Amino acid sequence: MHSFRYVGQELYCEEVPVSSLAKKHGTPLFVYSQTTLADHFQRLDSALAPLDHLICFAMKSNSNLAVIRTFAELGGGFDTVSAGEIQRVVAAGGDPSKCVFAGVGKTEEEIAFALKQGIYSFNVESEAELARISRVAVRLKKIAPVAVRVNPNVDAHTHAKITTGTYENKFGIQFEHIEAVYARAAKLPNLRLRGLQMHIGSQLTDVEPFRKAVEKVAPLVSRLNARHGFDFFSIGGGLGIVYRDALASGSPAWWKTPEGRKILTPQSYADTLVPLLKPLGLRILLEPGRFLSGNAGVLVTRVEYIKKTGKKNFVIVDAAMNDLIRPAFYDSFHEIVTVRRKGGAKVSSDVVGPVCESGDYFAKDRPLPKVGEGDYLALLSAGAYGSVMGSNYNSRALPAEVMVKGRKSALVRRRQEIPEIWGNESVASWQGR
């Protein structure tokens with residue numbers, strides 16, 4: 001259950017009116033609910049209690065230090081994909097020994113940094129990477145913990161740009177080749193074959209693809225464990241959320257569709273997978289991102305203009321695709337609500353930003369209440385793959401970010417100053433002053 005709701009006519013985050021945050025900090029503005037972050041983590045943690053497990057938050061979904069700190073204080077680990085993300089974990093007070101390091105293109109410098117930090121494991125994507133990790137570990141006189149990422153060739157039936165578990169994707173090693181890869185890896189110096197990892201895709205709202213993948217991979221894990229003495233099996237992340245009707249009154253928006261069909265809950269996920277995983281006798285790692293942070297955040301934006309053409313009603317706002325790129329990049333749906341509730345007939349509207357791109361939109365032909373200049377809108381379910389995918393395109397400053405807990409709010413990322421955008425740039429030496 002997320003903590004965004006109307007109280008009277010005002011949209012609240014926990015016990016704080018969202019309009020008060022927008023007036024204090026300006027817009028565009030990301031607002032996060034710490035209670036929601038903690039609630040989603042604890043529900044998943046509790047559902048998996050029958051297993052020895054570690055939830056590693058996929059911080060590519062949201063790498064704000066306050067968000068990381070929330071999960072660190074709950075005992076969580078972190079799924080990282082760069083040395084920079086590992087450094088963020090350390091900066092937020094997280095434990096690098098609870099970090100896994102994923103990604104297909106790890107550099108030697110990143111591998112060395114991760115080894116020095118004592119990470120839990122590398123999730124390895126290729127044999128070339130195994131060889132590189134071995135070389136770096138030998139040079140540093142360290143033992144590198146590794147888990148090869150198996151590609152189980154299971155279609156997750158999700159968006160083409162976020163599927164990862166078939167042979168069409170760049171991730172992992174073919175299922176049929178894994179045992180031979182481990183046999184060769186066992187001969188490389190300074191490697192500890194600590195486990196096996198998989199991940200089949202993102203935004204999965206049905207448990208069936210997870211069940212199929214685990215049923216297929218579990219026997220392989222058992223065989224490899226018998227030969228190499230594993231500590232863990234990572235089943236990846238990918239648990240989805242509901243983006244439509246996310247503000248539905250009184251219902252947990254992340255487990256019901258608008259049609260009322262129940263989808264993934266922590267308990268239904270655990271009820272299906274725990275019986276398949278428990279016989280392995282291994283620690284189970286999970287790497288959820290969106291599931292924990294998605295519905296814990298909103299993007300607040302101000303209406304700047306209403307522009308009517310012969311065919312369209314454009315609501316032009318101060319947020320843009322460089323603040324929240326998902327609609328432009330994935331054609332994704334985000335529910336849009338007025339921060340102050342409005343009645344009356346709804347108007348079919350295109351909600352667009354100021355960036356000089358036709359793709360700079362948040363919604364097309366969306367029925368919305370009649371709004372005008374100065375009104376605030378909230379784009380819901382923006383706590384994952386929102387600010388973290390932001391850019392300075394059109395020399396636009398990155399937004400501020402606020403975290404709320406109960407009646408308290410804190411600025412957890414100040415708005416970028418315009419001159420900071422080019423702060424690391426200079427003219428060429430021959431161009432003069």
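What to note about this one:
- Those residues of the range 1-20 which are at pLDDT 95 or above and either of a type in the set (Asp, Glu) or under 20 Å from Arg69 (Cβ atoms) (or both), in sequence order: Glu10, Cys13, Glu14, Glu15, Val16
- Output for the range 11-30, where each listed residue is out of contact with any Asp or Glu (no Cβ under 8 Å at 6 or more places or on another chain) and surrounded by 16 or more Cβ atoms within 10 Å (Cβ to Cβ): Leu11, Tyr12, Cys13, Glu14, Val16, Leu21, Ala22, His25
- Any chance Asn123 is touching a strand residue (DSSP E or B) at 6+ places or on another chain (Cβ under 8 Å), at positive phi and not in a helix (DSSP H, G or I): no
- Residue count, the range 303-333 (criterion: under 25 Å from the mean Cα position of the chain (by Cα) and surrounded by fewer than 22 Cβ atoms within 10 Å (Cβ to Cβ)): 10
- Taking the range 165-218 as the range and being at pLDDT 90 or above and hydroxyl-bearing (Ser, Thr, Tyr) as the test, only Tyr182 passes.
- Ser391 meets the conditions (1) more than 18 Å from Met59 (Cα to Cα); (2) modelled with pLDDT of 95 or more; (3) surrounded by fewer than 17 Cβ atoms within 10 Å (Cβ to Cβ) in every case but one. The failed one is (1).
- Check on Glu401, loosely packed, with under 15 Cβ neighbours inside 10 Å, at pLDDT 95 or above and on the phi < 0 side of the Ramachandran plot: no
- Residues of the range 385-433 classified as farther than 18 Å from Asn295 by Cα and assigned to a helix (DSSP H, G or I), total: 10
- Residue count for the range 219-244, restricted to those that are among the aliphatic types (A, V, I, L, M) and modelled with pLDDT under 95: 3
- Sole exception among (1) closer than 18 Å to Gln197 by Cβ; (2) buried (at least 17 other Cβ atoms within 10 Å of the Cβ); (3) at pLDDT 95 or above for Asn151, by number: (3)
- Scanning the range 213-236 for residues that are without any contact (Cβ under 8 Å) to a residue 60 or more places away in the chain and in a helix (DSSP H, G or I) turns up Pro219, Ser222, Arg223, Leu224, Asn225, Ala226, Arg227, His228.
- Looking at Gln34, Gln9, just one residue is out of contact with any Pro (no Cβ under 7 Å at 6 or more places or on another chain) and under 13 Å from Glu401 (Cβ atoms), and that residue is Gln34.
- Note on the range 1-96: enclosed helices (runs of 4 or more DSSP H) holding 3 or more residues that are touching a His at 6+ places or on another chain (Cβ under 9 Å) and in contact (Cβ under 8 Å) with a residue 24 or more places away in the chain are 34-47.
The values are calculated or read from the model by the stated rules, or taken from the named source; none is laboratory data. In this text the structure is predicted, and so the values were computed from the model without any measurement. Quick reminder, even Gly has a Cβ in these numbers, built from the backbone with ideal geometry, and neighbours come from all protein chains shown.
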